[in-house]
There are 2 protein chains.
Amino acid sequence: MMTPEQIKHAVEALIGADKVRLDDEALDIYGRDWTKIHTPRPRAIAFPRSTEEVQQIVRFAREHKIALVPSGGRTGLSAGAVAANDELVLVMDYMNKVVDFNPVDRSVTVQAGMITEQLQHFAEQQGLYYPVDFASAGSSQIGGNIATNAGGIKVIKYGMTRDWVLGLKVVTGTGEILDLNRGLIKNNTGYDLRHLFIGAEGTLGIITEATLRLTRPPQNLTVMVLGAPSMPDVMQVLQAFQKRLDLTAFEFFSDNALAKVTQHHQLQRPFETATPYYALVEFEAMTEEIMEIAMEVFESCMEAGWVEDGVISQSETQAQTLWNLREFISETISHHTPYKNDLSVVVSKVPEFLAQVDGFVAEHYPGFEVVWFGHIGDGNLHLNILKPDNLSKEAFFEKCHHVSDKVFQITQDFGGSVSAEHGVGLIKKDFLHFTRSQVEIEMMKGIKKTFDPDQIMNPGKMLDL
Amino acid sequence: MMTPEQIKHAVEALIGADKVRLDDEALDIYGRDWTKIHTPRPRAIAFPRSTEEVQQIVRFAREHKIALVPSGGRTGLSAGAVAANDELVLVMDYMNKVVDFNPVDRSVTVQAGMITEQLQHFAEQQGLYYPVDFASAGSSQIGGNIATNAGGIKVIKYGMTRDWVLGLKVVTGTGEILDLNRGLIKNNTGYDLRHLFIGAEGTLGIITEATLRLTRPPQNLTVMVLGAPSMPDVMQVLQAFQKRLDLTAFEFFSDNALAKVTQHHQLQRPFETATPYYALVEFEAMTEEIMEIAMEVFESCMEAGWVEDGVISQSETQAQTLWNLREFISETISHHTPYKNDLSVVVSKVPEFLAQVDGFVAEHYPGFEVVWFGHIGDGNLHLNILKPDNLSKEAFFEKCHHVSDKVFQITQDFGGSVSAEHGVGLIKKDFLHFTRSQVEIEMMKGIKKTFDPDQIMNPGKMLDL
């Protein structure tokens with residue numbers, strides 16, 4: 001096995017001096033993502049500046065059978081970018097430039113290391129909009145977003161990251177550069193390899209550049225928060241709004257989530273009435289007429305008893321204040337050492353699914369508090385179980401492991417996904433079979449072997465060969 | 001090699017009597033698509049009724065190394081569903097039921113043989129909308145649409161067929177059933193095999209069922225036809241409208257296309273002024289305000305000299321009359337024995353691309369008339385060269401073969417696609433390398449071997465192993 005020094009020497013001979021680090025700080029920072037379960041232990045950290053340099057490193061790694069881990073913004077929640085087994089980490093931080101922009105095509109080509117928020121700002125400066133948005137947008141990188149097909153809070157209107165990728169440049173595990181789809185909107189010439197790399201978590205190759213679609217910025221985004229007596233009522237509200245308006249978001253959270261957020265951040269409740277569940281509805285109020293339609297739907301929901309109280313934003317600031325009630329949840333409950341799961345079912349099955357999981361936890365773990373929130377317009381629920389004060393962290397997570405098994409079983413029974421938007425990585429690998437059949441997994445392995453015959457691309461993530 | 005009678009006997013033993021035909025009529029009808037180049041010569045025609053029956057046939061075919069061709073509406077334009085080499089054809093006509101519909105999910109699950117127009121009508125009856133639409137919607141089937149990732153006239157707003165597929169049931173070349181994604185909106189659990197089957201033209205497996213997303217029907221669709229002095233002007237018009245409105249279509253056609261349509265169908269020109277190019281703009285005029293914005297943009301285009309004259313529909317009937325000018329082109333020029341190509345480049349490169357192709361044809365084939373039309377908002381151009389009266393069909397197509405080589409070369413130079421929406425099949429197979437690199441094609445072969453190790457699934461289409 002090559003020593004770290006040998007690797008540094010060899011790689012720097014290929015791509016230039018001062019592009020590989022072996023110091024403890026680098027090994028620690030670049031060997032991990034937002035998960036805290038695995039101890040980082042990479043062999044070396046490389047900092048390529050171009051697709052060609054990435055190619056050089058991959059070819060070198062293939063020759064010497066060195067495992068590679070691509071590292072973007074390191075905000076992943078499934079340990080997809082953790083290097084805990086002597087890997088060589090490829091850090092994309094210095095590949096963060098805009099390569100090309102075309103206002104007619106409304107497309108932008110960026111290097112994989114560009115930070116999501118920078119892309120959003122770039123689009124804004126051009127009078128355009130990149131709509132994929134989520135809590136970690138200030139750190140996450142486009143390459144990582146694509147490798148994990150990032151979702152977020154605007155999926156109901158704008159879809160996942162997948163829906164915005166017009167082209168990809170990748171270096172495969174065979175060390176070859178693929179220039180996939182080159183920004184075309186229509187291109188029916190064989191298997192769309194672009195879509196294979198989206199969500200592949202770096203197991204087939206490394207994304208070095210992406211061409212992304214931009215769109216018209218939304219106008220006068222308006223937010224309602226509505227209090228509902230039950231989950232089936234929340235679903236009725238969703239349907240009622242979708243019949244009349246194009247929603248840009250439809251989120252939900254439980255009353256205990258709201259209580260924790262308002263207390264922790266000293267925020268006001270949106271209105272006096274407390275209800276078990278809340279829906280956050282967002283839409284573009286482009287004209288007075290649309291605003292009137294929204295008010296009509298709101299009133300009809302009140303009359304039907306699906307909504308007990310509600311509030312509508314009168315300004316951008318108020319809209320943001322209402323969003324905070326939803327967006328601060330994750331940070332707020334992080335102080336309660338939560339056990340988290342990112343699940344999805346088809347939208348219509350959400351209430352029954354939620355009830356079954358709630359019922360199971362209440363019956364078997366009566367001391368556990370469950371906090372629900374999520375992107376319910378997409379069927380995506382974030383399940384959070386808070387650690388009781390009288391339980392040690394170890395004992396809590398041990399118990400949660402048993403919860404997982406049952407929750408994933410329920411998810412499977414509902415035809416759902418054990419990872420709606422966070423990916424598989426190391427954390428969900430053992431549970432992949434709850435969502436994907438054995439035959440599917442075998443086919444995935446066949447694909448992996450085609451693109452990465454020597455198993456050097458993020459090995460051990462997503463699946464084992 | 002098994003005789004047709006032996007196949008009929010064996011297959012009917014598996015799936016029941018009267019489900020295989022060997023008569024000349026059946027062999028002729030079900031052995032072809034809309035292309036007329038290859039002589040159909042299938043060995044037998046099977047009519048399965050369920051996914052399980054398809055699976056039985058595939059397993060039988062695999063055991064006996066019999067090539068299979070899936071046959072949908074047979075409206076393909078690249079000979080992807082032609083059976084000219086003793087294949088067993090699987091006709092999906094009897095698998096045309098709605099399996100499931102859910103108004104909350106706004107999704108419908110149908111068997112692969114459902115006709116596109118029937119799905120559109122079904123959606124309409126539910127107060128919803130299936131937006132993928134094109135000339136052959138009255139005959140084409142959903143399975144075929146998905147296998148070729150059908151595009152059409154609404155792509156600028158609604159995307160390709162790919163964007164509406166929430167789930168797929170397929171039988172792979174290994175004879176196994178995959179139930180891919182099961183209608184989920186968010187599901188990040190490994191490679192998205194669903195997207196691999198979309199556009200695979202039946203070379204990996206046979207699609208037997210699909211879950212499709214439906215959406216809100218468009219309201220008050222309004223059409224403008226605008227006359228522009230040049231292609232760069234058409235592009236300015238596109239940009240001007242896209243800055244202010246969400247367009248549902250942006251089509252174009254040349255003046256000779258319009259002249260032929262108005263003459264052949266005895267239609268009126270949209271307005272007096274003749275200009276070299278016309279743009280057809282469609283949008284949802286949901287409110288008065290949107291109509292006003294559209295008129296403002298129209299006036300600014302006139303002032304800038306990008307538009308010389310124009311007309312706007314005042315009713316649904318008028319909108320349809322204006323659409324006819326564009327939609328009747330294909331049928332009109334079919335009387336001139338056209339040589340057709342379905343090309344795409346990124347939108348911004350359309351004028352330069354079109355000028356180069358025009359220039360080449362004018363210089364080398366001065367007697368040839370070129371008719372352009374297409375979905376220019378997506379960069380998709382339909383190039384049609386009309387047969388001069390003094391040239392035999394054979395001599396014409398012989399010359400066109402040379403045109404193709406140069407046109408594909410120009411397409412490659414522009415980073416475009418030699419098949420924007422019609423697929424590869426038999427007709428574009430030899431030209432695939434103009435759009436896909438050798439490495440990409442090798443990777444595609446690797447994928448093909450994984451799903452179809454015995455090469456029984458539509459062999460010879462798209463690529464040769």
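Dipole orientation for chain B: of the candidates B:Val357, B:Ala304, B:Gly423, B:Gly423 has the Cα lying most toward the positive pole (charges on Cβ; Lys, Arg +1; Asp, Glu -1). Binning the C-alpha pair distances of the range B:118-169 at 10 Å intervals from 0 yields a P(r) profile of 25, 60, 16 %, listed from the shortest bin outward. The Cα center of the range B:1-66 and the Cα center of the range A:212-241 differ in position by 50 Å.
For the rotational copy pair A/B, the chain A residue whose Cβ lies nearest the symmetry axis, together with its distance in Å, is A:His195, 2.
If you look at the Cα atoms of the range B:16-142, you get an Rg and a Dmax of 15.9, 48 Å.
In the calculated pair-distance distribution of the range B:4-91, the portion above 15 angstrom amounts to 53 percent of the Cα-Cα pairs.
Overall, the protein assembly as shown carries a charge dipole of about 2460 debye about its Cα centre when +1 sits on the Cβ of Lys and Arg and -1 on the Cβ of Asp and Glu, all other atoms neutral.
In loop segments of the range B:92-126 as defined by DSSP, the chymotrypsin sites (Phe, Trp or Tyr not before Pro) with at most 16 further C-beta atoms inside 10 Å of their C-beta are B:Tyr94.
Considering only A:Tyr94, A:Thr174, B:Ala81, the residue lying farthest towards the positive end of the dipole of the protein assembly as shown is A:Thr174, judged by Cα position with unit charges set on Cβ. Between 0 and 90 degrees, the angle of helix B:231-244 with respect to the longest Cα principal axis of chain B falls at about 80 degrees. Counted by neighbouring Cβ atoms within 10 Å, the residues A:Ile198, B:Ile37, B:Ile376 run from fewest to most as B:Ile37, B:Ile376, A:Ile198. Here the range A:98-213 is treated as a sphere whose radius is the Kirkwood value from Cα pairs; by Stokes-Einstein at 4 °C and 1.567 mPa s it diffuses with a coefficient of 92 µm²/s. Taking Cα centre as origin and charging only the Cβ of basic (Lys, Arg, +1) and acidic (Asp, Glu, -1) residues, the dipole magnitude of chain A rounds to 1380 debye. Taken over the Cα atoms of the range A:295-397, the convex hull encloses 139 Å³ per residue. Here the scattering of the range A:337-434 is modelled by Debye summation over its C-alpha atoms, one equal scatterer each and no solvent; at q = 0.13 Å⁻¹ the log10 of I(q)/I(0) is -0.42.
Across chain A, the relative contact order, built from alpha-carbon pairs under 8 Å that are at least six residues apart, equals 15 percent. Taking GluC sites (Glu not before Pro) across the range A:192-273, the ones in a DSSP loop with at most 13 further Cβ atoms lying within 10 angstrom of their Cβ are A:Glu272. Rounded to the nearest 0.05, what FRET efficiency do B:His265 and A:Val439 have when you use their Cβ-Cβ distance and R0 = 60 Å? My answer for the efficiency is 0.70. Rounded, prolate or oblate: which fits the range A:54-113 when a ≥ b ≥ c are the square roots of the eigenvalues of the alpha-carbon gyration tensor, with rounded for a/c under 1.5 and prolate only if a/b beats b/c? Oblate, because a/c is 1.5 or more while a/b does not exceed b/c.
Compactness ratio for the range A:304-343: Cα radius of gyration over 2.2 N^0.38 Å (N = residue count) comes to 1.61. Sorted shortest first, the separations between the A:Val98 label point and its copies elsewhere in the assembly read 4.7 nm; each point sits 7 Å from Cα along the Cα-to-Cβ line. Apply 1/(1 + (r/R0)^6) to the Cβ-Cβ distance of B:Lys36 and A:Asp163, taking R0 = 35 Å, and write down the FRET efficiency to the nearest 0.05. Between B:Lys36 and A:Asp163 the formula returns 0.40. A label point on A:Ala304, set 7 Å along the Cα-to-Cβ line, lies at 4.4 nm from each of its counterparts in the other copies, closest listed first.
Answer rounded, prolate or oblate for the range B:221-330, using the Cα gyration tensor with square roots of eigenvalues a ≥ b ≥ c: rounded when a/c is under 1.5, else prolate when a/b is larger than b/c, else oblate. Oblate, because a/c is 1.5 or more while a/b does not exceed b/c. Along the axis of the charge dipole computed for the protein assembly as shown (Cβ charges of +1 for Lys and Arg, -1 for Asp and Glu, origin at the Cα centre), the listed residues B:Asn384, B:His38, A:Asn384 are led at the positive end by B:His38.
Which angle from 0 to 90°, rounded to the nearest 10, does the C-alpha axis of helix A:350-364 make with the longest principal axis of chain A? On a 0 to 90 degree scale, this one is about 90. When the P(r) of the range B:379-465 is calculated, the portion above 23 Å amounts to 36% of the C-alpha pairs. Considered as an equivalent ellipsoid built on the Cα gyration tensor, the protein assembly as shown has semi-axes of 43, 35, 30 Å, the largest given first. Rounded to the nearest 10 degrees, the inclination of helix A:51-63 to the longest alpha-carbon principal axis of chain A is 70 degrees. Separation of the range A:435-455 and the range B:266-289, taken as the distance between their Cα centroids, equals 51 angstrom. Averaging the Cα positions of each part gives two centres, and for the range B:314-362 and the range A:319-362 these lie 51 Å apart. Take B:Ser230, move 7 Å from Cα toward the beta carbon, and the resulting point lies 6.7 nm from the same point in each other copy, nearest first. On the principal axes of its alpha carbon atoms, the range B:132-274 extends 61, 35, 28 Å, with the longest extent given first. All Cα-Cα distances of chain B, cut into 10 Å bins from zero to the largest, leave 4, 19, 28, 26, 16, 6, 1, 0 percent in each bin in turn. Partner shielding of B:191-202 amounts to 6, given as the average count of beta-carbon atoms from other chains within 10 Å of each residue beta-carbon.
Bear in mind that the values in this text are calculations on the coordinates, not laboratory data. Nothing here was measured: the structure is a model prediction, and the numbers come from that model. With ideal geometry, Cβ positions are generated from the backbone for all residues, glycine too; neighbour counts draw on all protein chains shown.
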